[in-house]
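Data first, discussion second: the structure below is written as structure tokens.
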């Protein structure tokens, strides 16, 4: 029996969804990719509230972590990233239904609101779930159309991962560093402008935020690990360290593998009092971890505050100098450039040291 025209989405809705698929295909920023996916899905279903979840399956538990939420008043749609550390929650019955089907979706009524949930991914392989709350009951064809749109999202995300992630650790790769660093410096500059303006003359659009930070992480004696246990176990160390980084830092913190045993971390909106404990918490997580066959592994960390008056090369050089200090003074420790300078423990580099830092910086930025 042919489907009645009343059950089909309006042509304008279909065109809007197609426009959303095209917008996804052009997007290169990951956070914007999730925002666009949620916003176009919300508009298609006349949604008032939406939640985008990351899905984690650790047998026998299936849990979700909130990535962001989308709110609409019917005219405007607003997306908010979840800023705090990831919290994993049990899957509620509606999400469980859609996640136990191949690219499935599920629907239930709660008072005057319909809750619709979509699995983004195939059965057993869904990495995300999207829930939308809407005042109108979506039709079956609405659900099918939106499922196809979310497959477009999934395909674009795969392409993004191929271009931007390190193939071994799945952290961000070096070629993505420049763009992310530019955004971090821009955020630091806006925060500095907001802090410097008198309160009665302050632009309401400028938010007072905490500083941004850049850290360089290096695994201690990694060459010895490779020489003693072989590159297979060396790779296992890199994989486990990357997992510990993801567990130790927030969703929106930027985590990079630069190659070999070197990693870089970008933090936004962290107070000066808290930044050292954050990096020390990660260092101790590495120190306490039992790595397969290798056993104990340690790392050294150097960090600096992002000051928009300095170039990216200068800022990375400062973090490198703090890292060298950590390695030269016992390893398995965290040091901040500014603290070392103020305490007199670190002085201006010798010409040879400056040349080495500049060589490292040139290798990254050129």
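The values are calculated or read from the model by the stated rules, or taken from the named source; none is laboratory data. Worth saying up front: this structure is predicted, and the values here are computed from it rather than measured. Using ideal geometry, Cβ is built from the backbone for each residue, glycine included, and neighbour counts are taken over all protein chains shown.
Only residues that are part of a loop (DSSP other than H, G, I, E, B) and on the phi < 0 side of the Ramachandran plot were counted in segment 81-133, giving 18. Does residue 286 satisfy being buried (at least 19 other Cβ atoms within 10 Å of the Cβ) and touching a helix residue (DSSP H, G or I) at 6+ places or on another chain (Cβ under 8 Å)? Here the answer is yes, as residue 286 does meet what is asked.
Filtering 47, 37, 74 for residues that are surrounded by 19 or more Cβ atoms within 10 Å (Cβ to Cβ) and more than 23 Å from the chain's Cα centre (by Cα) leaves a single hit, 47. Taken over segment 235-252, the criterion of being without any contact (Cβ under 8 Å) to a residue 40 or more places away in the chain and surrounded by 18 or more Cβ atoms within 10 Å (Cβ to Cβ) is satisfied by 248 alone. Across segment 133-147, not a single residue is classified as in contact with a strand residue (DSSP E or B) (Cβ under 6 Å, 6 or more places away or on another chain), closer than 28 Å to residue 58 by Cβ and buried (at least 21 other Cβ atoms within 10 Å of the Cβ). For segment 328-355, the tally of residues that are under 26 Å from residue 297 (Cα atoms) and modelled with pLDDT under 60 stands at 0. Residues that are in contact (Cβ under 8 Å) with a residue 24 or more places away in the chain and either in a helix (DSSP H, G or I) or over 23 Å from the mean Cα position of the chain (by Cα) (or both) within segment 11-34 comprise 13, 14, 16, 17, 20, 21, 24, 25, 30, 31, 33, 34, listed in sequence order.
Candidates are the residues of segment 152-173 that are touching a strand residue (DSSP E or B) at 6+ places or on another chain (Cβ under 8 Å) and in contact (Cβ under 8 Å) with a residue 40 or more places away in the chain; the one that is farthest from residue 36 (Cα to Cα) is 168.
Please return the ranges of helices (runs of 4 or more DSSP H) entirely within segment 154-261 where 3 or more residues are modelled with pLDDT under 90 and assigned by TED's automatic domain parsing to the domain that holds residue 297.
Working: elements: 177-196, 222-229, 231-248.
Per the criteria, 177-196.
In segment 264-290, which residues are outside any helix (DSSP H, G or I) and free of Cβ contacts under 8 Å to residues at least 12 places away in the same chain? Passing the criteria: only 290.
Given the criteria assigned by TED's automatic domain parsing to the domain that holds residue 40 and modelled with pLDDT of 90 or more, does residue 78 qualify? It is false that residue 78 is assigned by TED's automatic domain parsing to the domain that holds residue 40 and modelled with pLDDT of 90 or more.
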